[in-house]
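Visitor: Quick one: this structure, given as structure tokens, is what I'll be asking you about.
Values in this text are rule-based calculations from the coordinates and carry no lab data. Just so it is clear, the structure is predicted and the values come from calculations on it, not from any experiment. A quick note on method: Cβ atoms are made from the backbone with ideal geometry, for glycine too, and the neighbour counts reach across all protein chains shown.
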Amino acid sequence: MSATSQLEQLVAACHWIGSRGWAPATGGNMSVRRDATSCLLSESGKDKGSLTADDFIVVDIANNRAASGRRPSAETGLHTLLYRLFPDAGAVLHTHTVNATVLSRVEQGEVLRLHGYEMQKSLSGQQSHLDSVEIALFDNDQDIAALAARIEAFARTSPLRYGFLLRGHGLTCWGKDVSEARRHLEGLEFLFECERQRRLLERS
Ligand SMILES: CSCCC(=O)C(=O)COP(=O)(O)O
Ligand SMILES: [Zn+2]
């Protein structure tokens, strides 16, 4: 599929994310791969629920540079890291949902473990609720280069699949194209909601 059509699908995904309330205020950022060396990333500081194709900026995957001189997302370094780590990744979606924000603070470990949910099968390659899916969880950091370095180090020794949580911040997920990234986002968000409810009920 052409980069233009992927951008059209990404703009539609941004509107969908906005309509779900998953990118409040100016939260969230989104991108699609153009080719092996560049991606199109949302401009920093905008309402991501009402972006148009003109709000996406060409960014070099190797060095985070935007030729246009405009300012891509503050989290550009996380998107480009994912495109470098995963040559098959075609789209990256970052959201600020209540479920991801709260669960990532409650969970103290290095991963959020999901087990026992049929909806795990919304994640590519998952075939049974009896398997476990581990979503990596990192402490948040305003220094995105340092955060990217921590995520890269984690990925060298542990599986990094579907997405990762930033503590008290949100979810960044990806897929081979916009459609798969969207499915992973919707599936993970559903699973986070279930997990938040389960933990609440099991405490009472
Ligand atoms: C209130 S949003 C804080 C920054 C952030 O976490 C985010 O996702 C949006 O940053 P961007 O530079 O992509 O607009
Ligand atoms: Zn964010």
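Visitor: Determine the relative contact order of the range 70-204: mean sequence separation of Cα pairs under 8 Å and six or more apart, normalised by residue count, in whole percent. Let's see the in-between values first.
Guide: Details: 198 pairs, mean separation 45.3, N = 135.
The value is 34 percent.
Visitor: If you count, for each residue, the other Cβ atoms within 10 Å and average over each peptide, how do 135-141, 77-83 line up from highest to lowest? All intermediate terms of the calculation are to be shown ahead of the outcome.
Guide: Working: 135-141: 17.4, 77-83: 24.1.
The packing order, highest mean first, is 77-83, 135-141.
Visitor: Ok, one more. Looking at the chain as a GNM with Cα springs under 10 Å, which of Cys39, Cys14, Cys194 has the largest mean-square fluctuation?
Guide: Of the options given, Cys194 has the highest mean-square fluctuation.
Visitor: Next question. Rank Gly28, Gly45, Gly18 by mean-square fluctuation in a GNM of the chain with C-alpha springs under 10 angstrom and give only the top-ranked residue.
Guide: Residue with maximal mean-square fluctuation among Gly28, Gly45, Gly18: Gly45.
Visitor: Considering only C-alpha atoms, what is the centroid distance from the range 167-203 to the range 109-154, in Å?
Guide: Result: 10 Å between the Cα centres.
Visitor: If you place +1 on the Cβ of every Lys and Arg and -1 on the Cβ of every Asp and Glu, how big does the dipole about the Cα centre of the chain come out, in debye to the nearest 20? Intermediate values should be presented prior to the final figure.
Guide: Numbers: 23 positive and 25 negative charges, 26 e Å.
Dipole magnitude for the chain comes out near 120 debye.
Visitor: While we're here: Could you work out how far apart the two model spin labels at Lys121 and Arg84 are, taking each label as a point 7 Å from the Cα in the direction of the beta carbon, and quote it in nm?
Guide: 3.8 nm
Visitor: Please turn the phi angles of the range 64-76 into ³J(HN,Hα) values with the Karplus equation 6.51 cos²θ - 1.76 cosθ + 1.60 (θ = phi - 60°), one per residue in order, whole Hz, x for glycine and proline.
Guide: Once rounded to whole Hz, the list reads 6, 7, 10, 5, 5, x, 6, 9, x, 2, 4, 9, 3.
Visitor: Return the distance in nm (one decimal) between the two label points of a simple spin-label model at Ala62 and Ser158, each offset 7 Å from Cα along Cα→Cβ.
Guide: With each label point 7 Å from Cα toward Cβ, the separation is 3.1 nm.
Visitor: Most mobile of Gln120, Gln108, Gln142 per a Gaussian network model of the chain (Cα springs, under 10 Å)?
Guide: So, out of Gln120, Gln108, Gln142, the one fluctuating most is Gln142.
Visitor: So which chymotrypsin sites (Phe, Trp or Tyr not before Pro) in the range 147-204 are both in a DSSP loop and have at most 14 other Cβ atoms within 10 Å of their Cβ? Can you show the working numbers first?
Guide: On the way: sites: Phe154, Tyr162, Phe164, Trp174, Phe190, Phe192; in loops: Tyr162.
Answer by residue number: there is no such site.
Visitor: If the only charges are +1 at each Lys and Arg Cβ and -1 at each Asp and Glu Cβ, what is the size of the charge dipole of the range 121-204 around the Cα centre, to the nearest 20 debye? If you can, show how the numbers build up before the last one.
Guide: On the way: 12 positive and 13 negative charges, 34 e Å.
Dipole size: approximately 160 debye.
Visitor: Hey, what number do you get for the chain at 222 nm if only DSSP H runs of n ≥ 4 count, each worth -39500 (n - 2.57), divided across all residues, to the nearest 500? Working shown, then result.
Guide: Values: 5 runs with 76 residues, N = 204.
Dividing the helical sum by the residues of the chain leaves -12000 deg cm²/dmol.
Visitor: In Å and whole numbers, how far do the C-alpha atoms of the range 3-203 stretch along each principal axis, longest first?
Guide: Taking the Cα atoms of the range 3-203, the three principal extents are 51, 36, 31 Å.
Visitor: List the residues whose amide H sits under 5 Å from the amide H of Gly90, counting only those 5 or more places along or on another chain, with H placed 1.01 Å from N in the peptide plane.
Guide: So Gly90 has HN proximity to Gly175, Lys176, Asp177.
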